[in-house]
1. Would you pick out the residues in region 109-153 that are modelled with pLDDT of 95 or more and small (Gly, Ala, Ser)?
2. Of the residues Glu197, Glu174, which single one is touching a Leu at 6+ places or on another chain (Cβ under 7 Å), under 16 Å from Ala50 (Cβ atoms) and modelled with pLDDT of 95 or more?
3. Please name all residue pairs, on different chains or six or more residues apart, with Cβ atoms under 8 Å, provided the first residue is in region 83-95 and is hydroxyl-bearing (Ser, Thr, Tyr) and the second residue is in a loop (DSSP other than H, G, I, E, B).
4. Tally the residues that are hydrophobic (A, V, I, L, M, F, W, C) and surrounded by fewer than 23 Cβ atoms within 10 Å (Cβ to Cβ), restricting the search to region 37-53.
5. Out of (1) over 15 Å from the mean Cα position of the chain (by Cα); (2) closer than 23 Å to Lys141 by Cα; (3) modelled with pLDDT of 95 or more, the odd one out for Leu83 is which?
6. Go through the residues of region 207-229 one by one and say whether even a single one is at pLDDT 95 or above, closer than 18 Å to Ala136 by Cβ and within 16 Å of the chain's Cα centre (by Cα).
Amino acid sequence: MAKRKLALSLIVLLAGVAVASWATEPAKPETKATPWKITGQLEEACSCNAACPCWFGSKPTRMSCGGGEFVFIEKGTYGTTALDGLAYGFMGESPDNESMMESMGDWKFAYLYVDQKGSKEQQEALRVIASQTMPAEASKKVEWRVVPITRAITGKEHKVNLGQYGTFSGHLIEGGLGGSTKITNPPGADPIHKQYEQGQTTTLKYTDAGANYDYKDSNYMYGTFEVNSEQYGKFNAGLMQKMKEMKEKKEKSK
């Protein structure tokens, strides 16, 4: 009995030491997000008539707005991982009779695509950047694809291919005073879309996520950009607040 009491006393003592040690152990620092920066070109097309009203908080010109945006990186890094010459993109569609902005979180789908020619490390880096710069949070139906993403520029025509899932081709339209038509800082702008040139598609085809697009003479946009993780960190924090406010406003109006 004496031995048993001694054993129990030792267990309690050791447990107390362990708890005290854990309690006084300094907290581990939070893991910092990997910084990134990219410079390149934006290619975008959707089913709306040009210029797409969704960027101005208005309802789409068709029943819904379906289309996507693709980023072609000229120079880029994710931490120490080089991303030069790679691409990633997004395709999505808004609910019927609702603007893109007011329906954030309830889109029919939001599919993201990563360049097949990147290494596993590069593809993972592109996934992180895509999740921060593309509206993946816009839908509950989200999937990722690793596909060949290519672009060909012939004269004024830009053609983007998304492997087996689709393609679109577009060209810029001339402004009334000559030169291209430029849109700066629309209400829905993120850092990549702070300024873009307006165009029109020759064709837009897409078969994924249950969609089957076949449009022509619709909205096309082209832009150049230089952005980084710090800019998107600030932007996304503000966007989350806006989405919360819009959701609350939508609930009150019911």
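The values are calculated or read from the model by the stated rules, or taken from the named source; none is laboratory data. Keep in mind the model is a prediction, meaning the values are calculated, not measured. Cβ: placed from backbone, ideal geometry, glycine included. Neighbour counts: every protein chain shown.
1. Ala110, Gly118, Ser119, Ala125, Ala130, Ser131, Ser139, Ala152
2. Numbers: Glu174 fails: touching a Leu at 6+ places or on another chain (Cβ under 7 Å).
Checking each option against the conditions leaves just Glu197.
3. What qualifies is Tyr88/Met134; Ser94/Pro60; Ser94/Ser64; Ser94/Cys65; Ser94/Met100; Ser94/Ser103; Ser94/Lys108.
4. Residues of region 37-53 that are hydrophobic (A, V, I, L, M, F, W, C), as a first pass: 38, 42, 45-46, 48, 50-52.
Next cut, surrounded by fewer than 23 Cβ atoms within 10 Å (Cβ to Cβ) only: 42, 50-51.
Selection size over region 37-53: 3.
5. Condition (2) is where Leu83 drops out.
6. Kept after step one, since they are at pLDDT 95 or above, are these residues of region 207-229: 207-229.
Now drop any that are not closer than 18 Å to Ala136 by Cβ, which leaves 208-211, 227, 229.
From the residues that got through so far, the ones that are within 16 Å of the chain's Cα centre (by Cα) too are 227, 229.
The answer is yes, given that some residue of region 207-229 is at pLDDT 95 or above, closer than 18 Å to Ala136 by Cβ and within 16 Å of the chain's Cα centre (by Cα).
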